[in-house]
Each structure stands twice: as structure tokens, then as C-alpha cells.
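Notes for the one structure printed next.
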């Protein structure tokens, strides 16, 4: 009997596996396959085309800082003072930077679905006896497995 | 993230390590845009280096910059120049100190750009080498472990109290310096009094109470802190995944395992 489960990368994954080992399932009967989400060519410079979340914040913060500096400077001669103009500058710059980053992405990657749900990152196979299946499933379930399945080994 | 295959023992033996975990920080290299690092050095010489993990150089440059900037009144001159009060700008600059600034500034920008380009190459090599890292370090005074953290939570803390975000992501040297620095700037610039008066609408008083020389440090500080915290959190999350994936591949893919069917 095989129990399959999918997990996110987290400490719970390690807790689940170690609990299984404690319950007597030997290490050679547990198979873990980490999934790579996408293949990446190793680019030396370009962070801008990687959609890993960091590139979205680069422009926003840089423009935010620029406008915040300008806001503080001009706040000294304008009525509201440096703090308020500084904040206005920060928000305006950040929004501008965000828009500058988002527009090319939206145009170019319409087919890419945004997965907001938790994504499977590791698949675990446990080869166990039929009477152990329930225990194994409970262990995996209580450690936040994303999904669990059974497979009967056909001889 | 590249798909993980079962790698044989690395022949390069930590020649290009990915990182080093100590109890107060995990210092590691990852790919970044060198122009962005150069930019942060523009806002404040030394910040680019701190972002890279080059703390020693970064703190040196920051101290150096601070001393020169405050004595030469560079920030004040910047404010006067941008608002067209050029005579005031000329009078504000202290000629004994002003020229020292050029060297610090240009060097910091150049060096952070160059370091980023180099470290990018090493980070690619490190990723290919798959050198092991122990994901936890306990010492007498502190405990550090890899973990997945929420970048937006880190951002929020950084906005409320610069330095707290770095403590959340467990980068204590940066967190400590940023915190001390933020308190110093707030105090000398009277920025918090300005906040009070601005909130009450007493704008003339708000402007009068501040010291512009110190105020202009605030945008650079906030901008950098917010950027650094976000980047660190995202990259630490990736590091956690890579390390755990390698652990699983090395230990839970026994060739003896009987495949089903």
C-alpha cells in the first residue's frame, strides 16, 4: 500500500516525516520528491524580467524614495511642511513605480495564472503495510498536508 | 527555482558557498540588479554595501558619510539648491569638509555596483555547486534558523519602526544600526515634533521646528529599510526551500525504495 501526500516547503513537512520514522516506517520506505516550480536560465544581470516578486518592488521603492526626498525638500517652501509633502512624495512615487512595473507584465503575461492558493512543492510517497495506512494518513493530515492519496500496489 | 536532481557529493567543497549562518544573521549571496544597489549607495553611501551583506564596508562608509555630511552641511545645501536659493546654499556649505564628500560618494556607488556584478556570478556558481548549509545556529546569546516569513509583515514593521523589520527577518546587525540611526535622526531633526504639528495643522510651526540638515536623511533611510527588508525576506524564503529540497533529495530518495506498479 502506498500513501501519497503533497506539501508546501515548511517545518511541518520535516515534522511529518520524522513522526513517520518514529512510528516505525523505515527511511528507505519514504520517498520525497521536491518539485521545482520553473526552470530558470541563469541570467547574470537582469532582475527585471524575473517574476519573483522582488522586481515589482524595485521601481516602486526607488521612485518612492526619489519623490519622498523631493517632497521633503519642497515641503520646506510649501505650506504643508516637509513631513506631509514627504509622505505624499513617497506614496506618489511608489504608486508610479508600481504602475511602471505592472503594465509591461500585464501586457506580456496574460496567460500566466496567478496561483493564490498554496502550491504543492514536495510530493511524499510512503510505502507501508495495509494496517498502517490510517495512522500514516493521520500523521500527514495533522501536519498540514495539502492533499493525501492512496495507491494499492498491484502484484 | 531549478528542478532538483540527485547530486553527487560536490567536488568543489564550499569553494563558492551560498551563505554563512551565524546566530545573529544569515549572510548569503543571491542575484540582484547592480543598478539598484548602486542607487541605494546614491541615496546614502554605505547602504548599497549593507544590502549586499558587506557590513564592515557598509558601516565604515556610513560613519564616514555621516561625519562629513553633518559637518559640511551637504543636506542643507541640497535643500537650498533644489529650491533655488543658491546664495544660501553657497553660504551653508563648510568648505573645510565639503570636498571630502565627493570621494565617499562616488567610491560607494562604484564599489557597490562592482561588488554586485561580482557577487551575482558567485551566486550562480554557488547555486550550481549545491554546497550544504546547516539551517540553524544556536549560540550563547541568540538563536537563528531558516524560516518562511511574510515579506509584507516585515514591511509593515519596518514602516512603523525602522529596524524592527530586520529583527523580524533576523538580520541583527542591520536592525541594530538602523534602529540607532533612526532614533538619532528623529531626535536631531525634530521630525517627531514636526509630525505632531503637521497633524494639528500648525504648518508654520511644523516647518520652523525641524532641522533640515537631519530631515533629509529620513527618506533615504526609510526607502532603503523598506527595500532591504522585502528583498531579504523573499530571498530567505527561497533559501529555506532550497535547503529543505536538498535535504530531502539527499536523504529520502533511497534507491532501495520499491516504486509502485
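Just so it is clear, none of the values below were taken in a lab; they were calculated from the coordinates. Owing to the predicted nature of the structure, the values given are computational and were not obtained by experimental measurement. FYI the Cβ positions are ideal-geometry reconstructions off the backbone, even for glycines, and counts take in every protein chain you see.
Within segment B:217-261, all pairs of alpha-carbon atoms sorted by distance into 10 Å bins from zero give the percentages 22, 25, 21, 15, 10, 6, 1. The mean number of partner chain beta-carbon atoms within 10 angstrom of a residue's beta-carbon across peptide A:23-32 is 4. In degrees between 0 and 90, to the nearest 10, how far off the longest principal axis of chain B does helix B:100-129 point, with axes built from Cα atoms? Value to nearest ten degrees: 10. For the Cα atoms of chain B, what angle does the longest principal axis make with the long axis of helix B:34-43, in degrees from 0 to 90, nearest 10? Helix B:34-43 and the main axis of chain B meet at about 30 degrees. Summed over qualifying helices (DSSP H, 4 residues or more, each -39500 (n - 2.57)) and divided by its residue number, chain B shows a 222 nm mean residue ellipticity of -20500 deg cm²/dmol.
For chain B, the relative contact order is 24 percent, taking Cα pairs closer than 8 Å that sit 6 or more residues apart in sequence and dividing their mean separation by the residue count.
The coefficient of translational diffusion for segment B:19-247, derived via Stokes-Einstein from the alpha carbon Kirkwood radius under 10 °C and 1.306 mPa s, stands at 83 µm²/s.
Working from Cα pairs under 8 Å separated by at least six residues, relative contact order for segment A:54-108 is 45 percent. In chain B, the longest principal axis of the Cα atoms and the axis of helix B:217-251 are about 0 degrees apart. Stokes-Einstein diffusion for segment B:61-175 at 25 °C, viscosity 0.890 mPa s, with a Kirkwood radius from C-alpha pairs, works out to 134 µm²/s. Springs between Cα atoms under 10 Å define the GNM used for chain B, and in it the highest mean-square fluctuation of B:205, B:14, B:213 occurs at B:205. Fewest neighbouring Cβ atoms within 10 Å first, the residues B:196, B:130 line up as B:196, B:130. If I model the protein assembly as shown as equal point scatterers sitting on the Cα atoms and use the Debye formula, what is log10 I(q)/I(0) at q = 0.10 Å⁻¹? One equal scatterer on each Cα of the protein assembly as shown leads to -0.78.
Per residue, the convex hull around the alpha carbon atoms of segment B:1-150 comes to 160 Å³. Normalised size of segment B:20-88, defined as Cα radius of gyration per 2.2 N^0.38 Å with N residues, equals 1.44.
Cα-based radius of gyration for segment B:121-261, normalised by 2.2 N^0.38 Å, reads 1.54. Using the Cβ-Cβ distance between residue A:138 and residue B:128 with R0 = 45 Å, the FRET efficiency computed as 1/(1 + (r/R0)^6) comes to roughly 0.65. Between residue A:106 and residue B:95, take the C-beta separation as r, use R0 = 41 Å, and let me know the FRET efficiency to the nearest 0.05. Step by step, r from the Cβ atoms, then E = 0.20.
Which whole-number percent of Cα pairs in segment B:174-237 have a distance greater than 16 Å? The calculated P(r) of segment B:174-237 puts 53 percent of pairs beyond 16 Å. Shown is the FRET efficiency for residue B:202 and residue B:86, computed with R0 = 30 Å from the Cβ-Cβ distance and rounded to the nearest 0.05: 0.50. Stokes-Einstein diffusion for segment B:121-196 at 25 °C, viscosity 0.890 mPa s, with a Kirkwood radius from C-alpha pairs, works out to 163 µm²/s.
Each semi-axis of the equivalent ellipsoid for segment A:54-108 is √(5λ) with λ an eigenvalue of the Cα gyration tensor; in descending order they amount to 26, 9, 6 Å.
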